[in-house]
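Scroll down for the structure; my scribbles are underneath it.
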Amino acid sequence: MNGDGDFLSLLPQTALTTARGDGKAVALEATTVFAFHYADGVIVAGDHRATAGNVVFSDRTEKILELDRHSLIAIAGSPAIAVEMARTLQTAFDFYRRSQLQPMSLQAKMRALSRLLHDNLPATLQGFGTVAPLFAGLDPATMRPSIYFYDPLGAQFEGVKHAGSGSGSGSIKSVLHFLEQWGSPTPEKMTLGEAVNLANRLLMTAAEFDTATGGVDPLRGDFATIKVLNGAGVRSITPAAQAAFWQEVKP
Amino acid sequence: MTTDEPYRWLDAIANRREYIRDQLKGATPVFAFSRPEGILLFGVGSGQSKVFEIYDRLALAALGHPVDIEKIRQTVIEAAHLEGFTRAAEDVTIRRLLNFSLGPALKAGFEQIFSAPLMVECVFAEVGATPADDVLARVNFDGSYRFQAHGVAVGHTNPADETAAVEWLRAQLAGALTTPQLVRLALAAWRALTADKAFVPPDAATVASPSLAIEDRVIEAAWLERRGDMRLRYRPLTAAELS
């Protein structure tokens, strides 16, 4: 009953730990997640595929996870560890807000993710537990959303206009860079519908060049996982809503 | 005195109970209503909060000493989050928290007659998939608790007045009511319970009164929303939503 608001400190007191690196986990890598600014906030998207080597492990994986009403994470790397990190952060942010009666600052949230990545260093160095996530958060003071990307050791960098992670992110970052320079409109001036359609087209592009990226098939109703973050908080864009946007532009 | 002197221990417990009740006399009531759209929690504070988020589907409304409310709040929040992290959010329930965490702790604290008592009365709420699945629990300072049927829970320092207020509120809540109407109903019951006399059911004009002003105090209300697509159900009401 110390009430200091630090859930990560609370775990060892009760013999719980977030460490999961026992050297026996199956390495599931390769994925595509990305985020970019659009006119009304930030859009974070990802595919549904999890792979182990050349084996498709699952095509129903959720990689864009809401941490609280003002932040979300896009996971890339070892799913077992990445999902556990997301769950730990989710609980830590909720615990802080409820116990301290105020939301955790954006800086503290980013540091919490850095700390988890740094604590995961042994698994990263052994080569089976690498995690390289994206983080999008809203500053409670300014209500402005920001995008950050991390290296597997925990260093954080702001993606001023966009960020991507995973094996298929290279081609997506290239397209986003091109559109930011010469697009009309540029992504940061797009409406929600335009940004959602762009996200689906980007994933289709990435899947063309990366077998580990699950594609999008509008004809079958398969769309990306897409969440948006703006002054109103985190919101999911359902497949039905994505289908409606897709129909509007008749691509 | 030692605790192996039974009669003196009984005296001490009785004195302790009397002392706590006396200390709680100035505290004002809190309310929880189970409704189709969720559970509404209501309290009137004077600088200190009375309505709190506990976990994804759980909330607390409490009255008493602010420091003791804070102890209870922190205890339950820690227990809920450890349980939710170790198992799953669905395993965090009011029944389990009361049975295995808060209830025993409150009882042990009350019976530790050489330490300062916890002066707090609580209402816990857990929103379910339907109003029939909602759980409202009334928790006393001595660790005893009871689950409230029929969708109304009131926390007050006078048991007779509390029972009368619950019965009156049940009758008033039978129909469809908007959030501002629910707030006014709770406020009317609050005013009746804080009047310096036995509970007298407010008349219709009092309940319909648009005034939400209470000198030096602030109305606090929050919904535990029933919408199934949200993980976090607790939402404090803004001033605009109250009126």
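For the reader, a short list of remarks on this structure follows.
- Filtered by the rule that a residue be hydroxyl-bearing (Ser, Thr, Tyr) and not in a helix (DSSP H, G or I), region B:133-170 gives B:144, B:145, B:157.
- Those residues of region B:1-27 which are modelled with pLDDT of 90 or more and exposed (fewer than 10 other Cβ atoms within 10 Å of the Cβ), in sequence order: B:25
- Scanning region A:205-251 for residues that are more than 26 Å from residue B:229 (Cα to Cα), among the β-branched types (Val, Ile, Thr) and surrounded by fewer than 22 Cβ atoms within 10 Å (Cβ to Cβ) yields A:205, A:211, A:249.
- Residue B:220 falls short on exactly one of the conditions (1) of a type in the set (Asp, Glu); (2) more than 25 Å from residue A:101 (Cβ to Cβ); (3) surrounded by 20 or more Cβ atoms within 10 Å (Cβ to Cβ), and that condition is (2).
- Figure legend. Inter-residue proximity from region B:91-118: first residues over 10 Å from residue B:142 (Cβ atoms), second residues of a type outside the set (D, E, K, R) and surrounded by fewer than 18 Cβ atoms within 10 Å (Cβ to Cβ), beta-carbon distance below 6 Å, spacing 6+ or different chains. Indicated pairs: B:113/B:12.
- Looking across region B:197-230, just one residue is of a type in the set (A, V, I, L, M, F, W, C), touching a residue at least 24 places away in the same chain (Cβ under 8 Å) and over 21 Å from residue B:172 (Cβ atoms), and that is B:218.
- Residue match in region B:125-133 (condition: more than 22 Å from residue B:222 (Cβ to Cβ), of a type in the set (S, T, N, Q) and away from chain A (no Cβ under 14 Å)): no
- The criterion of at least 3 residues that are within 14 Å of chain B (Cβ to nearest Cβ), over 24 Å from residue A:200 (Cα atoms) and of a type in the set (Val, Ile, Thr) is met by none of the strands (runs of 3 or more DSSP E) falling completely within region A:65-178.
- Subset of region A:194-251 that is touching a helix residue (DSSP H, G or I) at 6+ places or on another chain (Cβ under 6 Å) and assigned to a strand (DSSP E or B) - its residue that is nearest to residue A:179 (Cα to Cα): A:226
- Residues that are within 17 Å of the chain's Cα centre (by Cα), away from chain A (no Cβ under 14 Å) and either within 24 Å of residue B:36 (Cα to Cα) or of a type in the set (A, V, I, L, M) (or both) occur at least once in region B:193-208.
- Within region A:179-193, being in a helix (DSSP H, G or I), out of contact with any strand residue (DSSP E or B) (no Cβ under 7 Å at 6 or more places or on another chain) and farther than 11 Å from residue A:245 by Cβ holds for A:179, A:180, A:181, A:182, A:189.
- Selection of helices (runs of 4 or more DSSP H) fully inside region B:48-121 by the criterion of at least 1 residues being within 10 Å of chain A (Cβ to nearest Cβ) and over 15 Å from the mean Cα position of the chain (by Cα) returns B:66-86, B:103-111.
- Matching residues, region B:208-243, being over 26 Å from residue A:91 (Cβ atoms) and of a type in the set (Gly, Ala, Ser): B:208, B:209, B:211, B:213, B:221, B:239, B:240, B:243
- Residue identified as surrounded by 16 or more Cβ atoms within 10 Å (Cβ to Cβ), within 30 Å of residue B:171 (Cβ to Cβ), touching a helix residue (DSSP H, G or I) at 6+ places or on another chain (Cβ under 8 Å) and among the β-branched types (Val, Ile, Thr) among B:30, B:44: B:44
- Residue A:50 vs. criteria at pLDDT below 90, on the phi > 0 side of the Ramachandran plot and surrounded by fewer than 23 Cβ atoms within 10 Å (Cβ to Cβ): no
The values are calculated or read from the model by the stated rules, or taken from the named source; none is laboratory data. If you're wondering where the values come from, they're calculated on a predicted model, not measured in any experiment. Cβ atoms come from the backbone with ideal geometry, glycine included; neighbour counts cover every protein chain shown.
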